Structures are given as C-alpha cells and as structure tokens.
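The values are calculated or read from the model by the stated rules, or taken from the named source; none is laboratory data. Since the model is a prediction, treat every value here as computed from it, not as a measurement. All Cβ positions, glycine included, derive from the backbone under ideal geometry; neighbour counts span all protein chains shown. Ligands, DNA and RNA are excluded from the accessible area calculation, which covers all protein heavy atoms including side chains. Shrake-Rupley method; radii C 1.70, N 1.55, O 1.52, S 1.80 Å.
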Amino acid sequence: MTPAATRAGRERAPVTAPADLLRRLRSRNATDPVTHVEQVPARAGTPVTWPDWVPEELREALRRRGVEAPWRHQAEAAQLAYDGQHVVVATGTASGKSLAYLLPALSALLADPRATVLYLAPTKALAADQLRAVTSLELEGIRPACYDGDTPRAEREWIRRHSRLVLTNPDMLHHGLLPGHAQWSGFLRRLTYVIVDECHTYRGVFGSHVAHVLRRLRRRCAASGRTPGSGRIPGARGPAALPRQGGGPDRGPVFLLASATSGDPATTAERLTGLPTTAVTEDASPRGGVTFALWEPPLLPAEPADPTAGADLTQVRRSALRETADLLADTVAEGVRTLAFVRSRRGAEVVAAHARRSLDEAVPGLGRRVAAYRAGYLREERRELERALLDGDLLGLASTNALELGVDLVGLDAVVICGWPGTRASLWQQAGRAGRSGQEALAVLVARDDPLDTYLVHHPEALFGRPVEATVLDPANPYVLAPQLACAAAEAPLTPADLELFGTGAKEAVDSLVATGALRARPTGWYWRHRERPEVDLRGEGGTPVCVVESATGRLLGTVDGSSSHFLLHPGAVYLHQGVSYVVDELDLADGCALVHPEEPDWSTHARDVTSLSVASVRSYVDAGPVGLFLGEVDVTSQVVSYQRRRIASGEVIDTRPLDLPTRELRTVAVWFTVSPQALAAAGVDPPDVPGALHAAEHAAIGLLPLIATCDRWDIGGLSTAVHADTEAPTVFVYDGHPGGAGFAERAYGTADAWLRATREAIAECGCESGCPSCVQSPKCGNGNNPLAKSEAVQVLDVVLANLSDALRPVEDALRPVGDGVRPVGDGVRPVGEE
Ligand SMILES: [Zn+2]
Ligand SMILES: [Zn+2]
C-alpha cells in the first residue's frame, strides 16, 4: 500500500537517458526495427488530505508505514464507498489501490467493534500478502485472518467467531463459507464491506461463476437480517465511519473492487456483482516518464518450408525470443537494470541463457548478472532474485508474468516485453515496472510473428489511445447459471425474488433443473432434492478432469480440463508443470489419466484439429443485402488429428506427427458472416480463390478478436467454407471454445465493424507477399494453412464492411449492456479447434 516512490531501491547514479539507449539499440540493426516511439510523460502525484472520517489511529498506523497522505484517487474511491456507493478503482501498477479499499474498510472496523469485512483475492498467495500488510498496521480489535484451504480445522472456528476481517478467495467462498453459511451468520449479518481485489482476473467462464458466487453471498447477507449501515452503533468509538447507507434496496454490504487498468471497469464490476458501481480511473500517484518503443523483428529471407507443413514457401521474422535476448544482453551491457517479460517459462529460460551467453562472449563473467525467474521457484528464491535486482547485484531478469512478481519490484530502468501480453491491462502492468519518480525509463514491446502483434506495432493508437479491451464475462451462460442455481438452492430454497437476483436466464435454468430432477418445485419455492451438495468447480469447465501422473513414481502432478486434454496431453506432448518439462507417454481417456516422464526437449508441441459445425439456432442477425451477420448457437464437432514439433528458440517446425484421438462435441455460441457468391465475383474474387480468401479472413479475424475482448486466440475457434449446408453461402464462423459460450462471439458481433476493419487492415498492411504468421497464417490450423489467399481476403472483407457498415451501428446500440443482461469474455488457457 506504500506509494511506489517511497520504496525504490537504493539510490544509484542516473543511468543512460532512455532516448540515447534506444538510439544505440536501434542502430545495431541493418533495418530499423522500431515502428513507433511514444513518450509517456512523467506524472507528479496529487496528494490530498485524509477524509475527515478516517480515525487518527489509522492515520498514525499508515504514517508509520510511510504513507503521509493519500493520493487523490485513493481518497476519492474511499469517499464513495464511505458514502455507501459500490465502487471500482481501476488504476495502474503500484498506484496504491489497496489503500483505496483499506481506508473505508479499516475505518469501519475501528469505528464499530461489531462490523466485519470480507476480502477476496484470486489466489491464496495474494490474500496472504494482504494479510501481512494489514497485520503490520498493528490495529487493535480487528483480528485479520486468512481463511482458505490451508487453514487448520482448529483455527477455523476461532476465525468464524472472532475475526472481523476475513481474507479468502472465491473458491473458498463457494466451497466453504456459503455452504456453511449457518455458522457464518453472525459474520454475514455484520458484514459492512466486501472487497474484491484484482477483479479483472474474474473473466470468461471463471468470472461468470464468480459473479454468481457473489450473488449467492448477497443473498445470504440479505437473509441474515443484516444490520450495519442503518446508522451508528451507540457507543462506537471514533468518527462515524460506517457507510452512510446500504448499497441497494436490501441494504446489503458495500462492494469495493480493485482492478488493473481496463476498458469500462464500471460495467465489468456491475456484471460481476449485479450492483450499480461507480468507477475511479484517474491515477493520481506519481510516475517517472517512459520512452515506449514498438519493435518489429526483421523478416528473414524466404526459404523452403517444412515439406510436411503444407505451404510451399514460408517467410518468417526473426524470433521475438532471440530479439528479446539480444535486447536484454545489450541493455545489461550498458549497466541498465532490465526486466524482460516472456510468455512461457521455457521461453524465459531461453532468453536468459542466450543473454548470458552473449554477455560472456563480450566480457567473461558478465553473464552472471542475468537470471531467469519463474513460478516454479520457491517463494523465497523468487524474493531473493527480486532483492538482487533491486539492489543492482543482478542487472537482467527474464520472467514469466507479472502476477508472480512481488509488488515491490518496480522502478526498473528498462522493461522488454516479448510479444503482446494479451491485454492492454497486462501491457501496462508489465511496462509499469519501469520508471521511478524523477527518473526516465525505457519500455520495449517486441512483436511476435503473429497478426495481432503485427497489427499493434503498426497501430500505436490501439495501444496508447483509450483502453480497447474490456474484461468480459457472461453470467447468463446456462452452463454456469444452472449449476450455480443448484448451489444456491442447496444453501436455501430459491424464491421468485431470487430469480431476479441471478438475472437473465435464471427462470429457464431453474426449469431445466426441475426437469432433470435436481430441484423440486413447491408452492414456497424450489428445493434442492439431494442430501449431498452439488459438485461445481469454479475453474474447471470442460468435463471430467484428466489426471497427469508421473509413470516412474505414480506421483500426481496435476489435472487438466477434459476438454483441453486432447490438445495438451496427447502422446508426445510436452507438458509443463511448475517450470519442469514432461513428455506424455500415454493418454488413457477411459481412466482419465495421462502418464508422463520428465524430459526437457528443445522443442514445443502444437496440436491441430479438424472441425465441422452446424447451426442450432440464430439469436440475432443483421441483413445487409448480399452480406449477413449472425449470432447464434452452434454444435461443433472436432478431432485432434496431429501435432507439430517446433524448436523453442527459433520456432522452426521440426515435423508433424499423426494422432489417433476420438471426436468431441461442443454446443457453444458463434458469430458468422455470409457473402453471396455474386458479390464476391463482382468484387473480383474468382471462384477458385474463394475458399482460400475466406480461410485467410477467418484466421486473421480470430487473431484480431483479442483486440476487442480480453481473450486469447486459443479461446476461440473458427471455420470457413465456400458453401455451408446451413447458410447455403460462403461463410466464416468464429466461435467460443467454451461450452455455452464465454461471451467472445457476442462481443465480436456487437463490435463487428471495428473488429473486421482491424482484421482487414492487419492483412492489407502486412509487408509479406502471400501471407505469413503475421497476417493470415494460424499457428493451430488443422489444414496446415492451406489454402490461403491473402489479397483476396482483403477483397472479401471490403465487400463485407461496405455492406455492413451502415447496418451495424444500430446493432452496437442494441447490444449496449443493459442492467444484468451481461455478456462478453473468457479465460486464456483452453486451446480449441480452428480449421
Ligand atoms: Zn503477412
Ligand atoms: Zn485454418
């Protein structure tokens, strides 16, 4: 909670000015790899006075921790919460979001000795960090405690009875607190604030589950005869620090959410909690200036491709990993403290190893100043590496993602980001590690050979303009809603009023639960019929999980969603667990287990599948003459048929091997467009080129969807065909890879104009001759990227955009979120089919 500026490492001599450093890095290349340089200006912090209701005891405790006064955004969010409004604070890395929620929460606990607060973090580790921070304030009578799967039984009862600040996670709320609500009724009755930290992580199917867990919590609070918020408790000490009024008509607890920077945080927060929420987004903490460069590795000369891969000629760029390793070595050689972010753990090791080698070649021994950092390391080891970097003993670190890093690791001189990290929020989180107050820093985004990365380094306005992506979740997904309603009914019978709480689709879901015998309808409500509680996993979604077992020892390493198992655990697959690499010997689908042995090959594996699709129903459509745009339910049948082995360092394809796995079915939501053959012919697309043109447009459209929704291209599948049995026209489908949909397709439908326009530009502006991984080739194409027709894809999209652009505006208006109507995105782990 301490502002970053007061925590910077020991003072050092000023390093090279970022602009000079960047000039030298660029000059080492024959062609200039930098496509854009953005100067992110320094910002002076805006401190304000403490709100008058913050007790002196708390002010004093914070002063002891180095916080003299709050920044404006902290005070603003705190005041809103104190006034009884649900609030989300969405600001950058190290901007002190925790103080924004701790001010009202701790003030309320100090003012009213009966009040309670619930804190939710996405992981146990974050809750533990927060517990340490609160405990260090040494406030009396609050008795903060973590309550999670690791909490010893003996301590649980004490926590339920005595702790007034319980720190937990949504899984524990779902599996522990809510089913045991009778034991928690005292705590819930006095619940004043619910803090939802890092709420941008609640997206996709997981986020949709969490949204209903929070509705279940609201329901139990309402039923507990909740009292706080109705006025001051007589005899309470300190100023009146209870929220002035309850949140809604039920006077439930006030929700305080904290999010990384993201598009439209208020809407996301409202979908998550079901409550009207005010957003605070103006960051008033101080920040050093950053020179931000967009870097595109050069194209390598064309060379014959792997003959088994399909295409005849392939043109690729120098690998982003190699480029990142060189940048890391070059900055370290200049004495600049640099953090490189790499997506995979193995990638981080490759970058560190390359950088070490080239530094040692230049100056023997210098390589020791570079290390790799990943989740597999013990917490102590990670903290030790962080300390070494802050102290300057270490100059370069190659790391996986920001969540693993300690919050104190800020104020570096340079950050190199290897590949688009998936969201603008993550980009700023990573770049936010660079720059201290009063000192300039350098950030470099290195593009991978991928359409979205390529688009972004050529469209800086998509990065440096206003946020483009929103966190998407879809509580109306029937595959989430029905199991959550079953959980709610097991906690207490459902009433018609509850259906309103759970939102769109709740009545249908209850009817389906009655039809399957899970619920019984009685005049007083809907009752859960079984003795055992329903088994619902918030994070799993794709059928029975497959166990990953080490053959030699029989040790269980972990589990993988049933739906992902064909992609990740097929025989020969390289499987990473806690930074250790394993190779799969056997996938036994009947037993639900995969046998693996430890092995660290220098290749990665990439499964491919083939897909067919049929339309089950149309939810909404736009008729634009020769062009149609649709949103609806589809049934997807897919089969993983082969996998590629690729060198980790270069991305070079070694070979493609066949697989023998059964087909699988998926009912999900898709967006699709059709174009009449006549319109295509009129636009100059010859009939033989139609399949390649549609296929190329489909690949690029999938690659660009993450631009408008916080998803990963692996969350989405696609299919294109010159004539589809259900549409009877040339068609491109893009579908959610999650049962019931995760909101991606719906988001794509709602922003089709922006999405398809960006897709068209990404293809048209790529410098390659006939298609490359930066534009129309897909890393997971089931057809080996064949056929692809690059320039014809642009013609197809021109026809589509010309006809749709007028018709689309009303669609975007109609899809603007209404109340709990809910929609959009998923979770980034699940590879799905794409033809
Ligand atoms: Zn290209
Ligand atoms: Zn394909």
* Structure fact -> Per residue, accessible area of region 613-662 with a 1.4 Å probe, heavy atoms of protein chains only, in Å², comes to 44 Å²
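Quote to one decimal, in nm, the extra length available between R647 and V363 on full extension: 0.36 nm per residue of separation minus the C-alpha distance between them. Let's see the in-between values first.
Details: separation 284, 0.36 × 284 = 102.24 nm, distance 2.83 nm.
In short, 99.4 nm is gained.
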* To do: Please work out the average accessible area per residue across region 755-797, using the 1.4 Å probe convention, and give it in Å².
  => 32 Å²
* **In nm, spacing of pseudo-spin labels at E282 and D585 (7 Å Cα→C-beta vector)** => 6.4 nm
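Does the chain come out rounded, prolate or oblate, given a ≥ b ≥ c as the square roots of the eigenvalues of its C-alpha gyration tensor, rounded meaning a/c under 1.5 and, failing that, prolate meaning a/b above b/c? If you can, show how the numbers build up before the last one.
Numbers: a/c = 1.62, a/b = 1.18, b/c = 1.37.
Here the chain falls in the oblate category.
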* Structure fact -> Residue-ordered couplings for region 62-69, obtained by feeding phi - 60° into the Karplus form 6.51 cos²θ - 1.76 cosθ + 1.60 and rounding to whole Hz (Gly and Pro as x), are 5, 4, 4, 8, x, 9, 7, 7
* To do: Find, among the GluC sites (Glu not before Pro) in region 577-642, those assigned to loop by DSSP (not H, G, I, E, B) with at most 14 other beta-carbon atoms within 10 angstrom.
  => E599
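Of the heavy-atom accessible surface of the chain (probe 1.4 angstrom), what whole percent is carbon and sulfur? List each step's numbers first, then the result.
Values: 16220 of 31500 Å².
Carbon and sulfur: 52 percent of the exposed surface of the chain.
For Cα pairs less than 8 Å apart in space and 6+ apart in sequence, what is the mean separation divided by the residue count of the chain, i.e. the relative contact order in percent? Numbers along the way, then the final one.
Values: 1928 pairs, mean separation 106.1, N = 835.
Over the chain, the number comes to 13 percent.
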* Structure fact -> Distance in nm between R64 and Y621 label points, each 7 Å along Cα→Cβ, equals 6.9 nm
* Asked: When only Cα pairs under 8 Å and 6 or more residues apart are kept, what is the percent relative contact order across region 760-807?
  -> 41 percent
* Give the residues of region 346-361 whose amide nitrogen is closer than 14 Å to a point set 7 Å from the Cα of A388 in the direction of its Cβ. => 352-353, 356
* Cα lying deepest toward the dipole's positive end in the chain, options N783, L481, L569, charges on Cβ -> L481
* Quickly work out the R23-to-D798 label distance, labels modelled 7 Å from Cα along the C-beta direction, and quote it in nm with one decimal. => 4.3 nm
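How far, in nm, would the chain grow between D635 and N786 when pulled straight, counting 0.36 nm per residue and subtracting the alpha carbon separation? Kindly include the intermediate steps, with their values, before the conclusion.
Details: separation 151, 0.36 × 151 = 54.36 nm, distance 2.40 nm.
Result: 52.0 nm gained on full extension.
Cβ neighbours within 10 Å, averaged per peptide: list 172-184, 83-95, 133-145 in order, most packed at the top. It would help to have the intermediate numbers written out before the result.
Values: 172-184: 18.8, 83-95: 23.8, 133-145: 16.2.
So the order, starting with the most tightly packed, is 83-95, 172-184, 133-145.
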* Asked: Using +1 on the beta carbon of Lys and Arg, -1 on that of Asp and Glu, and nothing else charged, what's the dipole of the chain about the Cα centre, debye to 20?
  -> 3420 debye
* Based on the Cβ-Cβ distance from A30 to A353, what FRET efficiency comes out when R0 is 35 Å, to the nearest 0.05? -> 0.90
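On average, how much accessible surface per residue is there in region 58-127, in Å², for a 1.4 Å probe, leaving out ligands, DNA and RNA?
Values: 1750 Å² over 70 residues.
I get 25 Å² per residue for region 58-127.
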* For region 321-349 and region 610-639, what is the separation of their C-alpha centers, rounded to whole Å? -> 44 Å
* Asked: Among the DSSP beta bridges whose two residues both lie in the chain, what percent are antiparallel, rounded to the nearest 5?
  -> 60 percent
* Asked: To the nearest 0.05, what FRET efficiency results for S676 and A764 with a Förster distance of 30 Å applied to their C-beta separation?
  -> 0.85
* Any chance you could look up the accessible area of D330 with a 1.4 Å probe, heavy atoms only, rounded to 10 Å²? => 50 Å²
